1. Have a look at 90, 26, 19 and point out the one that is part of a helix (DSSP H, G or I) and within 28 Å of residue 514 (Cα to Cα).
2. Determine whether residue 507 is loosely packed, with under 13 Cβ neighbours inside 10 Å, at pLDDT 75 or above and closer than 30 Å to residue 15 by Cα.
3. In region 164-187, what count of residues is obtained for those that are surrounded by fewer than 17 Cβ atoms within 10 Å (Cβ to Cβ) and more than 25 Å from residue 230 (Cβ to Cβ)?
4. Looking at region 279-306 only, could you name the residues that are over 17 Å from residue 244 (Cβ atoms) and not in a loop (DSSP other than H, G, I, E, B)?
5. Here are the criteria: (1) outside any strand (DSSP E or B); (2) free of Cβ contacts under 8 Å to residues at least 24 places away in the same chain. Tell me which single one residue 322 does not satisfy.
6. Please specify each residue of region 105-125 satisfying the condition of being touching a residue at least 40 places away in the same chain (Cβ under 8 Å) and more than 23 Å from the chain's Cα centre (by Cα).
7. May I ask you to list the residues in region 190-202 that are surrounded by fewer than 17 Cβ atoms within 10 Å (Cβ to Cβ) and in contact with a strand residue (DSSP E or B) (Cβ under 6 Å, 6 or more places away or on another chain)?
């Protein structure tokens, strides 16, 4: 090889290699200082695209986790608020239970109702003020709300929180049949009790014998209440239409087949002879006698068997001919607002047949706070008789026509005819409704022609049982809430329904909480795996890169030495010129 001066090929090769080593050294130092294997697209174009996609997914998953935690915060806020509402409802039910015994006076019951009213106000206050980030949670507006929990759109979890105001919870169904005046065998069926199947109860005899009647039927219904959701009570009570007047029973006077015989009694049963005579055999008849606050005779069957009077109890008793056979009224209650759909055989014996008017209504917790309207009270079973204790007497147009009829015992010469001074016509006028025939019922009741509920239509399921205004007939309003025994029982039912409603709402949001927690756990693991995959592509392996750096550093140093030697080799040309 010759000696050349103009072109030092060895030096150029050394420089070229030094430039390459310098680039490798710079890249290695860049990776070591940044911790990233890819610092620009030129480092790994496809790898950078994949890593950027993975980084975006990881960041989105991180925000989804935050969204999920926000959702948990919202649901936990609502849950804790409802927990306090449940404590309030427990207290309301406890106070209603306290009021549900006749050892309480009207004054103490009124005080208990005042406490309940305050508790309801606080329950509503919680429902109306519980919020998260300005969003109401328990007012009923938080429905079908979505939380994005995923890295792609529409990967959401939906949540709804039902309304918890007193007007929205505790909606309880009450239904009370007409007063039954017929014995028979009842085969009662609750239709679609679970939304699919019918539930048929064992046949029950409705009669005046021990172990029969509405009491036996209520026992059968209540024994299966855990399955059907329907509970029953009964009121077998015959109340005279006016205060007791002087009179005499016949020698064959009997109740439920037990002869009581002749009893002379005075106005107001002053010496208690009539009440005492009936009560003397109450253990056999199952019927107990008393007088109400208006001096009317009250016959009560405690065990729910029927009350059948034979012979003549006397006109002064206030018991009309149409009242001598009474099997009472059956009341049904269900802890939701849905209709209690019944069917079966012999339903007329319990006042729930096709020709009977069933009084029914759905009542919320708030409605028990104020005065109970007449129709609602009747549906709750406040009254022993359909129409608030007033008897509907068919076939007569007036008190006079009834009292003049031979079969009533009020005919001329009886001492109880119109104008006799015994005030019978006044008592009857206040205690009974007279209609000429069932076709005239629309003149008494709100049953208009063509309504689908007219006489003979067979449609007995009235939304409410109403009596036309102005005729002085029908049910009456009742005082609020727990101020009566029956009202206290009803508030217990309503409070129980409200507790069930809140428990259902809490259970629903609890399920959503569990779903969100599981989703958060899953996407947390996914996020870790995505970040790990990104790290494999983007992050530098320090051990490997340190080796690369050492290699590049050594080559850089050796390149400098090689270049120096290549330049020094040109000095040999001078020796040729010496």
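The values are calculated or read from the model by the stated rules, or taken from the named source; none is laboratory data. These figures come from a predicted structure and were not determined experimentally. Virtual Cβ from ideal backbone geometry, glycine too; neighbours counted across all protein chains shown.
1. 90
2. Working: loosely packed, with under 13 Cβ neighbours inside 10 Å: yes; at pLDDT 75 or above: yes; closer than 30 Å to residue 15 by Cα: no.
The answer is no for residue 507.
3. Selection size over region 164-187: 0.
4. Listed by number, the residues that qualify are 282, 283, 284, 285, 301.
5. Unmet condition: (2).
6. Taking region 105-125 first, the residues touching a residue at least 40 places away in the same chain (Cβ under 8 Å) are 106, 109-110, 112-113, 116-117, 120, 123-124.
Listed by number, the residues that qualify are 106, 109, 110, 112.
7. To start, the set of residues in region 190-202 that are surrounded by fewer than 17 Cβ atoms within 10 Å (Cβ to Cβ) comprises 191-192, 194-198, 200, 202.
Correct list: 191, 198, 200.
Here's the yes/no breakdown for (1) modelled with pLDDT under 90; (2) surrounded by fewer than 12 Cβ atoms within 10 Å (Cβ to Cβ); (3) under 43 Å from the mean Cα position of the chain (by Cα):
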residue: 501; (1), (2), (3): no, no, yes
residue: 512; (1), (2), (3): no, no, yes
residue: 516; (1), (2), (3): no, no, yes
residue: 523; (1), (2), (3): no, no, yes
residue: 563; (1), (2), (3): yes, no, no
residue: 575; (1), (2), (3): yes, yes, no
